[in-house]
Amino acid sequence: MSPTVVYDRFGELLAFMNVFALLFVFFLCLKGIYFPSSTDSGKTGGGFIFDYYWGTELYPRVLGFDVKVFTNCRFGMTIWPLLVCIYALKSYELHGFVDSMFVTTVLQLAYITKFFSWEAGYMQTIDIIVDRAGYYICWGCLCWLPALYPIVSQYLVSHPVRLGMSLTSIILAVGLASILANYLADLQRQQVRSADGQCLVWGRKPDIIRAKYKIEGGSEKESILLASGWWGLSRHFHYVPEILLSFFWTVTTGFENLLPYTYVLVLVILLVHRSFRDENKCSRKYGRYWQDYCDRVPPYLTAVRAFTAVHVAQT
C-alpha cells in the first residue's frame, strides 16, 4: 500500500483525530483538577468552558510523558513534515515532477528542520512556559495543525502550478534567506545569553539590559535582554521572516484561490496576538527593565515606518 493512502482518506483520519483530541482535552481538564502533576494547576475561575479551553494544568505528565512536548513536538511538528512528504509523493504519482510542489516542500522541510535544531529554545517560548495544556494548545496540535499547516502541499496535489526555472529559483532563494534570518536571530540571542554578554554582535559589543526579576518564593534572578543586532531592528523581529517564509511557500500556488493562503493569514493573526501577550508578560516580569528595552528597540510598525521614511528621503 502506498503511503499516499493518507491523502486519499485524510478526511477520515482528521475526523478521528478531532474526536480523539476533544476527549483527550476533557481528560486533561479533569486530571488537572483532581490528579495534577505539579502545583501549577487547578481551575481558572472562569467556569468549566474556559477551564476546558485554557487548560487546568501547566505541565501535565501521563505515564511519564510530558503532554505538551508530546502534542506540540512529537506529534504536531512531526506529522507536519510527514504529511508534506506524502502530499509531494501523491503529486508525483499524479503529475510527475512539479516545480511548485518541489519549492513548497523544500521550504517547509527546511523550516521544520530548523525548528528541531532549535527545539531546546522552544522550551522557553510562551507556548510552553505560559499556556496550559487545554483545548487551545492540545486540540490545536492534534487536529488543527495537521489540517491547516500542510494545506499548501495538499492544495497543490489537485491544483498543480508550473512556475518555470526563474520563478522557482527566486522563490526558493528568498524563502531560504527568510529561514536563515529567522535562524540567525534565534542563534544570536542564545549566544549572547550563553556568553553572558561577553561576545560580539555584528562586530560590536552587544547592547544588553540585565533585567532582574523575582520568582515565587521572593528570590531574585537575572535575564539578558538583547537590544542590538537582529533584536535591535524591532521587537519580535524573528516573527517577520517567519511570516515572509510562509508567504513564499504559499505563493507557489498562484493567486486564483484564497484557500492555500489560510495558513499565512492565521499565522499573522497568531503572531500579532502572541506579540501583545509576550509584551504584557515581559512588562509584568521585568517592570522598569522592560520599559528601558522598549525605549531602545522600536515595535515592528515603527521600524517599518522609519525604514520607509529613510528610503523615501534617499530617493
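No value in this document is a laboratory result; all are computed from the given coordinates. All values reported here derive from a predicted model rather than from experimental measurement. Glycine also receives a Cβ, built like all others from the backbone with ideal geometry; neighbour counts cover every protein chain displayed.
Quick one: dipole size for the chain, taken about the Cα centre, charges +1 on Lys/Arg Cβ and -1 on Asp/Glu Cβ, in debye to the nearest 20. Spell out each step's value before the answer.
Values: 27 positive and 23 negative charges, 148 e Å.
The dipole magnitude comes to about 720 debye.
T39 versus S169, label points 7 Å from Cα toward the beta carbon: distance in nm?
Each label point lies 7 Å from its Cα, and together they span 6.2 nm.
Per DSSP helix of 4 or more residues, -39500 (n - 2.57); summed, then divided by the residues of the chain. What does that give at 222 nm, rounded to the nearest 500? Write down the numbers at each step before the final one.
Numbers: 14 runs with 185 residues, N = 315.
Result for the chain: -18500 deg cm²/dmol, rounded to the nearest 500.
Sticking with the crude label model, points 7 Å out along Cα→Cβ, report the distance from Q291 to V19 in nm, one decimal please.
Output for this residue pair reads 5.6 nm.
So, by mean Cβ neighbours within 10 angstrom, what's the order for 72-82, 148-158, 259-269 with the highest one leading? Intermediate results must be reported in sequence, preceding the final value.
Values: 72-82: 17.8, 148-158: 21.9, 259-269: 16.3.
Most protected by this proxy first, the peptides run 148-158, 72-82, 259-269.
Rounded to the nearest Å, what's the spacing between the alpha carbon centres of the range 22-77 and the range 132-199? Just the number, please.
27 Å
In sequence order, what are the phi-derived ³J(HN,Hα) couplings for the range 94-108 according to the Karplus relation 6.51 cos²θ - 1.76 cosθ + 1.60 with θ = phi - 60°, rounded to whole Hz, with x for glycine and proline?
8, 10, x, 6, 10, 5, 5, 5, 4, 5, 5, 5, 4, 5, 5
Hand me the trypsin sites (Lys or Arg not before Pro) from the range 152-214 located in a DSSP loop with no more than 11 other Cβ atoms within 10 Å, in residue order please.
Working: sites: R162, R189, R193, R204, R210, K212, K214; in loops: R162.
Passing sites in the range 152-214 are R162.
Based on the mean of other Cβ atoms within 10 Å per residue, sort peptides 217-229, 242-254 so the most packed one is first. Intermediate values should be presented prior to the final figure.
On the way: 217-229: 13.6, 242-254: 21.4.
Result, highest mean Cβ count within 10 Å first: 242-254, 217-229.
Which one, S158, C29, M17, projects farthest toward the positive side of the charge dipole computed for the chain from Cβ point charges (K/R +1, D/E -1)?
So the residue furthest toward the plus end is C29.
Per 0.36 nm of contour for each residue apart, how much would the distance between D196 and W118 grow if the chain were fully extended, relative to their Cα-Cα spacing? Mind dumping the intermediate values first?
Numbers: separation 78, 0.36 × 78 = 28.08 nm, distance 1.93 nm.
Stretched fully, the D196-W118 segment lengthens by 26.1 nm.
Magnitude of the Cβ-charge dipole of the range 1-162, K/R +1 and D/E -1, about the Cα centre, nearest 20 debye? All intermediate terms of the calculation are to be shown ahead of the outcome.
On the way: 10 positive and 11 negative charges, 10 e Å.
It comes to approximately 40 debye.
Please find, in a Gaussian network model of the chain (springs between Cα atoms separated by less than 10 Å), the residue of G45, G197, G32 whose mean-square fluctuation is greatest.
Among G45, G197, G32, the largest mean-square fluctuation in the Gaussian network model of the chain belongs to G45.
May I have the convex hull volume per residue, in Å³, for the Cα set of the range 1-162? Spell out each step's value before the answer.
Values: hull volume 20.4 nm³, N = 162.
It comes to 126 Å³ per residue, whole-number rounded.
Could you compute the FRET efficiency for N280 and I49, with r as their C-beta to C-beta distance and R0 at 22 Å, rounded to 0.05?
Values: r = 23 Å, r/R0 = 1.05.
Given R0 = 22 Å and the Cβ-Cβ separation, E is 0.45.
What FRET efficiency comes out for R210 versus V69 if R0 is 30 angstrom and r is the Cβ-Cβ distance? Round to the nearest 0.05.
Numbers: r = 30 Å, r/R0 = 1.00.
It comes out at approximately 0.50.
What are the ³J(HN,Hα) values, in whole Hz, obtained from phi via the Karplus relation 6.51 cos²θ - 1.76 cosθ + 1.60 with θ = phi - 60°, for each residue of the range 270-286 in sequence order, with x given for Gly and Pro?
Per residue, the Karplus-derived 3J(HN,Hα) values read 4, 6, 5, 4, 5, 5, 5, 5, 5, 5, 5, 4, 5, 4, 5, 6, 9 Hz.
Over 24 Å, how big is the tail of the calculated P(r) for the chain, in percent of all Cα pairs?
Details: 30269 of 49455 pairs.
Of all Cα-Cα pairs in the chain, 61 percent lie more than 24 Å apart.
Below 23 Å, Cα to Cα, which lysines can K214 reach? Residues fewer than 8 away in the same chain don't count.
K281, K285
Can you order the peptides 163-176, 90-103 by their average number of other Cβ atoms within 10 Å per residue, highest first? Kindly include the intermediate steps, with their values, before the conclusion.
Values: 163-176: 15.2, 90-103: 17.9.
In decreasing order of mean packing, 163-176, 90-103 become 90-103, 163-176.
Show me, for the range 37-51, the HN-Hα J-couplings you get by feeding each phi into the Karplus relation (A = 6.51, B = -1.76, C = 1.60, θ = phi - 60°), rounded to Hz, glycine and proline as x.
Result, ordered by residue: 8, 8, 6, 7, 7, x, 6, 7, x, x, x, 4, 4, 6, 4 Hz.
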